[in-house]
Amino acid sequence: MDFRLTEDEELFQKVVREFCEKRLRPRSREIDETEQIPLDLLKQMAELKLLGIGIPESYGGAGATAMMTALAAVEIGRGDISMATAVFYLLEAGWSYILNLFGTEQAKREVFPPVVAGDAFIGIATTEPGGGSDLANTKTTARREGDYYVLNGEKAFCSGVIESAQRLPEGGGHLTLVRTDPSRGYNGMSFIYVPIRTEGITVTQYKDMGRMGISTGGIFYKDAKVPAKYLLGEEDKGFYYAMSGFNAARTQVAAACVGAAERALEVGIEYVKQREAFGRPIGKFEGVQFEIADQYGMTEMIKLAVLKAASLIDQNPHPDSYMQSEITKIVSIAKLFAPQIAFETVKRAMMWYGAAGYTKENELEMGLRGVMSYMVGAEGALNIMRVILGRELLGKEFIPYK
Ligand SMILES: Cc1cc2nc3c(=O)[nH]c(=O)nc-3n(C[C@H](O)[C@H](O)[C@H](O)COP(=O)(O)OP(=O)(O)OC[C@H]3O[C@@H](n4cnc5c(N)ncnc54)[C@H](O)[C@@H]3O)c2cc1C
């Protein structure tokens, strides 16, 4: 076990941090207010090969490890504490990783290059209006007809709908969980990359409270014909591909939350060193120092869990690996606690600022709204992380429902 980063990782981290401090953070308020990530900023990220970061070099990507991906997610979370840029980044990283593992060669050759260039988006569509936690209840269907699947149904709360449907020049799409055999529960679902600009697909946009720079919305499928080459792996095995994708994406969610917590500590510590009350800097009061110590300690602890998850994924990339249960456990720990630690750290830092923390002059309020998305459920509700941990620790027969 070696807790040091390699030289390459350290250099990479430095380059990404510099980009985030010089180019991204100065525009984070603009991202929040205009409700979009400027296209020129996406192009700058593309130049640094940050988009679809794990996509192999043969498709134009950086072929980054999960560790590198997580290091960058931390920096991007620190750079744009609203979480919008981190969400864009990590969804592309997590779900292109799964398309790379299970997608057809043809699909990868078509989908990856525009994602890497910042001209298209790749995300995930599993949640439906009936719920996002109980995916066994998925209702959207896909019927095979020759070289196509015909989709009918509806997905909800999907990130990146407007970016892919309207904003980015080459569109993009979502890895979509569909029911291909209604009689077989989990074993009757497939995972298909669905280009959003397909005839028969329409989208709506929700008005979110935070991470305003990336859209969230519904996707409707009415006899939408999707080429069969976009099926991932084998038909009816999609549920398992989706679950392994969640491990990859949730690691990065947790990494982005670590970034938000680190940024809150950074600005909070600076402030308490210079703001005075009762004739001394408020940082001299133990009540404030102890809070800083607690939040720093928790952030460091969860960062270790995140980096362990990334390291295990790198060592055991295939979902059939014997290490899968270990990976699932540490990822669930990371996704369960990182958003809570980030939320609490941002909240406390806002309170160290007093009234000045409650204004839009202060970046922390964007962090509070953004991190909240991971508390309510994005990439899996907190209780679902507990359900997964319970299953791994007690055994499948202890799942309370079937
Ligand atoms: C900003 C944002 C972006 C999102 N982006 C995407 C996306 O890109 N693609 C996508 O597919 N989805 C996306 N989602 C949806 C997300 O995946 C779901 O919110 C999540 O899976 C939870 O589903 P739900 O919201 O329907 O809540 P429900 O499943 O209805 O759950 C509601 C509450 O009940 C609790 N609960 C449910 N089951 C149990 C149980 N067995 N035991 C204890 N408690 C339980 C949950 O913890 C939760 O608190 C996004 C959500 C948000 C907020």
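Surface analysis of the range 122-230 yields an accessible area of 41 Å² per residue, using protein heavy atoms and a 1.4 Å probe. Once the Kirkwood radius over Cα pairs is known for the range 185-290, the Stokes-Einstein relation at 25 °C and 0.890 mPa s delivers a diffusion coefficient of 131 µm²/s. Across q = 0.12, 0.18, 0.23 Å⁻¹, the range 1-108 modelled as identical point scatterers on its alpha-carbon atoms has Debye log10 I(q)/I(0) values of -0.42, -0.88, -1.26, in the order of the q list. Each residue of the range 73-86 is assigned a 3J(HN,Hα), and the resulting list reads 4, 4, 5, 5, x, 5, x, 10, 5, 5, 6, 4, 5, 5 Hz, derived from the Karplus form 6.51 cos²θ - 1.76 cosθ + 1.60 (θ = phi - 60°), x at Gly and Pro. Computed from the alpha carbon atoms alone, the convex hull of the range 56-146 holds 147 Å³ per residue.
Sorting LYS229, LYS155 by solvent-accessible area of protein heavy atoms yields LYS229, LYS155, largest first, with a 1.4 Å probe. Here the accessible area is traced with a 1.4 Å probe on the protein chains. For the chain, carbon and sulfur cover 55 percent of it. Of the cross-linked pairs LYS207/LYS347; LYS155/LYS207; LYS329/LYS396; LYS14/LYS303, those separated by over 19 Å at the C-alpha level are LYS207/LYS347.
Spacing of the modelled spin labels on LEU5 and ALA293, each 7 Å from Cα toward Cβ, amounts to 2.8 nm.
This model, with +1 at the C-beta of Lys and Arg and -1 at the C-beta of Asp and Glu, gives the range 225-366 a dipole about its Cα centre of some 140 debye.
Measuring between their Cα centroids, the range 329-387 and the range 1-42 lie 19 Å from each other. A DSSP coil position with no more than 12 other Cβ atoms inside 10 Å describes the following chymotrypsin sites (Phe, Trp or Tyr not before Pro) in the range 336-402: TYR401.
Computed about the Cα centre, the dipole magnitude for the range 122-230 is approximately 40 debye when only Lys and Arg (+1) and Asp and Glu (-1) carry charge, each at its Cβ.
Just need log10 I(q)/I(0) for the range 21-172 at q = 0.08, 0.09, 0.10 Å⁻¹, Debye formula, equal scatterers on the alpha-carbon atoms, no solvent, rounded to two decimals. After summing over all Cα pairs, the log10 values are -0.25, -0.31, -0.38. Across the chain, Cα-Cα pairs farther apart than 40 Å form 13% of the total.
Based on alpha-carbon centroids, what's the gap between the range 288-307 and the range 141-163 in Å, whole number please? That distance is 41 Å.
With the gyration tensor restricted to C-alpha atoms of the range 238-398, the semi-axes of the equivalent ellipsoid amount to 36, 15, 13 Å, longest first. Relative contact order for the chain: 17 percent, from Cα pairs under 8 Å spaced at least 6 residues apart, divided by residue count. In terms of its Cα atoms, the range 98-203 spans 40, 28, 25 Å along the principal axes, sorted from long to short. Can you give the extra length, in nm with one decimal, that the chain gains between ASN187 and LEU101 once fully stretched, where that is 0.36 nm per residue apart less the Cα-Cα distance? Stretched out fully, the ASN187 to LEU101 stretch lengthens by 29.0 nm.
Taken one residue at a time, the phi angles of the range 116-124 give Karplus couplings (6.51, -1.76, 1.60, θ = phi - 60°) of 4, 7, x, 9, 8, 10, 10, x, 9 Hz. Gly and Pro are set to x. When the convex hull of its Cα atoms is viewed from all sides, the range 176-222 shows a mean projected area of 4.6 nm². When peptides 98-108, 18-28 are ranked by their average number of other Cβ atoms within 10 Å per residue, the highest-first order is 98-108, 18-28.
The values are calculated or read from the model by the stated rules, or taken from the named source; none is laboratory data. In this text the structure is predicted, and so the values were computed from the model without any measurement. Quick reminder, even Gly has a Cβ in these numbers, built from the backbone with ideal geometry, and neighbours come from all protein chains shown. SASA here: full protein model, heavy atoms, side chains in, ligands and nucleic acids out. Shrake-Rupley method; radii C 1.70, N 1.55, O 1.52, S 1.80 Å.
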